[in-house]
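For reference, the structure is listed below as structure tokens.
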Amino acid sequence: MNRQDFRFFHRLRVRWAEVDMQKIVFNAHYLMYFDTAIADYWRALALPYEAAMQQLGGDLYVKKA
């Protein structure tokens, strides 16, 4: 995958406290990364999240992690 293949890109810095001694991100932090990225995506769209979810008749959920 290339960055050019996507319309939205969010750069996220992995912090020291989020990795183990082998410099591997602890798996629970991936949900936080997803939440940060999706929030910034909605911000970039300049759409009111609550109104959009009402119009869609739902919300965004993680079905399986």
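Among the residues making up segment 13-30, those that are aliphatic (A, V, I, L, M), out of contact with any helix residue (DSSP H, G or I) (no Cβ under 6 Å at 6 or more places or on another chain) and not in a helix (DSSP H, G or I) are V14, V19, M21, I24, A28. Within segment 31-48, none of the residues are in a loop (DSSP other than H, G, I, E, B), surrounded by 10 or more Cβ atoms within 10 Å (Cβ to Cβ) and among the aromatic types (F, W, Y). Restricting attention to segment 20-65, the residues that are touching a residue at least 24 places away in the same chain (Cβ under 8 Å) and more than 20 Å from H10 (Cβ to Cβ) add up to 0.
Against the list (1) more than 12 Å from the chain's Cα centre (by Cα); (2) among the aromatic types (F, W, Y); (3) modelled with pLDDT of 90 or more, the condition F6 fails is (3).
The values are calculated or read from the model by the stated rules, or taken from the named source; none is laboratory data. Remember, predicted model here, so these are calculated numbers, not experimental data. No Cβ is skipped: glycine too gets one built from the backbone with ideal geometry, and neighbour counts run over all protein chains shown.
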